[in-house]
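Heads up: the structure comes next, in structure tokens.
No value in this document is a laboratory result; all are computed from the given coordinates. Note that this is a predicted model, so its numbers are computed, not measured. Heads up, the Cβs are rebuilt from the backbone with ideal geometry, glycines too, and the neighbour counts pull from every protein chain shown.
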Amino acid sequence: MKKTLFILCVLVQMLFLACKHQQNQNAANTRTFTDMLGRQVHLPDTLNRIVGVRASALRMLLYMDAADKIAGIEDIEHRNDRPYMLANPDLLNLPIIGPKMSGDAELILKARPEAIFMTYATVEDANRLQTQTGIPVVAIDATEFGTARDTLFSTFRLLGKILHNEARADSLVQFINQNIAELNQRTHDIPDGLKPGVYIGGVPYSGAHGITSTQPYYPPFMFLNAKNVAAEVRDERYSHVRGTYIDKEQLMMWNPDYIFIDHSGLLLSRNDLASGNSLQQSLGAIQKGQTYVVMPYNNYATNYGLVLANAWYIGKVLYPERFSDINIKNKTNEITQQFFGAKLYDRLTSQTPIFKPINLLTTP
């Protein structure tokens with residue numbers, strides 16, 4: 001009996017030591033991060049399978065060169081017209097992890113990710129999904145580009161640390177800052193009295209909208225020190241998530257010198273300017289042919305690379321003498337190469353009228 005008890009005690013002690021060793025080993029292979037909501041999240045040191053949930057989450061992971069780690073995508077991402085999907089077509093073969101802006105706990109579990117990255121979330125949202133799946137959820141930010149760039153850069157750096165790719169995060173921040181600094185350097189000394197009034201219409205917010213959908217903090221205008229006629233509504237009706245909409249009468253009062261239309265809202269903007277209405281007759285930019293179409297940048301949250309490409313094109317339109325050395329195709333390819341590892345200008349423009357003057361009074 002004594003011998004049996006002794007053996008049992010030894011076995012229990014061995015089991016205890018083994019468990020303690022495993023706990024110490026797990027702790028050694030786990031790192032703790034503070035996410036963008038201030039939550040403490042414990043993650044495996046090395047992540048091989050991850051997913052992104054809600055607008056821009058997948059894009060943010062792809063910015064970090066993590067395409068080979070993606071375990072599944074939301075159904076809204078199952079299309080190939082976005083630059084990050086054009087650059088990573090194999091992602092279209094991955095399993096669906098749920099609908100847009102929510103994810104599905106059961107489908108996420110089937111994809112077997114080791115971590116979930118979530119945008120546009122509250123603490124309650126992140127904790128709920130983490131409880132439902134038993135998988136750590138990291139809250140990240142996909143912020144407005146013109147006014148909250150520091151927060152965006154903090155997200156890049158957090159992702160860089162988590163994915164052991166700090167150098168990538170730093171290079172992306174440096175590239176963005178260099179572009180913005182050069183755009184500013186080319187335009188900062190233009191007197192206000194010599195700046196034309198400019199307007200962006202057709203800005204998409206959770207779907208396409210017409211010419212009265214605008215952006216008072218439109219980043220390309222900010223980077224170019226341009227005179228955005230819609231700037232006066234900044235503190236009244238502005239939301240980079242829900243959108244900013246103005247009355248047609250307000251647009252007629254502003255009567256901007258140049259009108260740029262986000263391609264996603266081109267058809268609806270043409271409908272707004274149907275033959276014979278007072279809006280088309282009151283806008284000098286339309287009568288003078290000073291209307292242009294730019295890339296859709298706000299497609300399931302902000303496509304930051306396309307914002308920069310739009311800024312370079314708009315700079316060439318407004319101040320051709322100051323941007324005469326810029327070839328917009330080469331510049332766009334440089335930007336998409338940096339963000340997605342592929343030159344995408346030809347594929348982005350092959351089927352759509354982008355970066356060119358557009359007659360808003362005719363059908364295509």
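Cross-link check: pairs K195/K356; K161/K316; K100/K227; K195/K343 evaluated at a Cα-Cα cut-off of 27 Å; pairs beyond the cut-off: K161/K316; K100/K227; K195/K343.
With axes computed from alpha carbons, what is the tilt in degrees of helix 328-340 against the longest principal axis of the chain, rounded to the nearest 10 within 0 to 90? In the chain, helix 328-340 runs at an angle near 10 degrees to the longest axis.
Stretched out straight at 0.36 nm per residue, the stretch from K356 to Y245 would grow longer than its current Cα-Cα span by 37.5 nm. From most to least packed by mean Cβ count within 10 Å, the peptides 205-215, 322-332 give 205-215, 322-332.
Here the chain is assigned +1 on the Cβ of each Lys and Arg and -1 on the Cβ of each Asp and Glu. Its dipole about the Cα centre then comes out at about 880 debye.
Seen against the Cα atoms of the chain and their longest principal axis, helix 304-318 is set at about 20 degrees. Averaged over residues, the count of other Cβ atoms within 10 Å places the peptides 343-350, 122-129, 304-311, 111-118 in the sequence 304-311, 111-118, 343-350, 122-129, highest first. Max-minus-min Cα coordinates of segment 173-357 on each principal axis give 45, 36, 31 Å, with the largest extent listed first.
Reducing segment 161-187 and segment 253-320 to their Cα centroids gives an inter-centroid distance of 27 Å. Compute the long axis of helix 123-133 from its Cα atoms, compare it with the longest principal axis of the Cα atoms of the chain, and write down the angle in degrees, 0 to 90, nearest 10. Long axis of 123-133 versus the principal axis of the chain: about 50 degrees. Scaled against the 2.2 N^0.38 Å expected of a compact globular protein of N residues, the Cα radius of gyration of segment 310-364 reads 1.26. Taken one residue at a time, the phi angles of segment 40-46 give Karplus couplings (6.51, -1.76, 1.60, θ = phi - 60°) of 8, 10, 9, 10, x, 4, 10 Hz. Gly and Pro are set to x. Gain on full extension, evaluated as 0.36 nm per residue between L267 and E321 minus their Cα-Cα distance, stands at 16.3 nm. Distant-in-sequence amide contacts of I261, defined by a placed amide H-H separation under 5 Å and a gap of 5 or more residues or a different chain, comprise G201, Y292, V293, V294. Extension gain, N127 to A67, is 19.1 nm, computed as 0.36 nm per intervening residue step minus the present C-alpha separation. Per residue, the chain reaches -12500 deg cm²/dmol at 222 nm when only DSSP H runs of four or more residues are counted, each adding -39500 (n - 2.57). Note on segment 173-357: with charges restricted to the Cβ of Lys and Arg (+1) and Asp and Glu (-1), its dipole about the Cα centre is near 400 debye.
The three principal axes of the Cα atoms in the chain give end-to-end lengths of 104, 38, 37 Å, sorted in falling order. Model label sites at Q40 and H188, defined 7 Å from Cα along the beta-carbon direction, differ in position by 4.3 nm. Here the simple spin-label model places points 7 Å from the Cα toward Cβ, and for R157 and N225 these points are separated by 2.8 nm.
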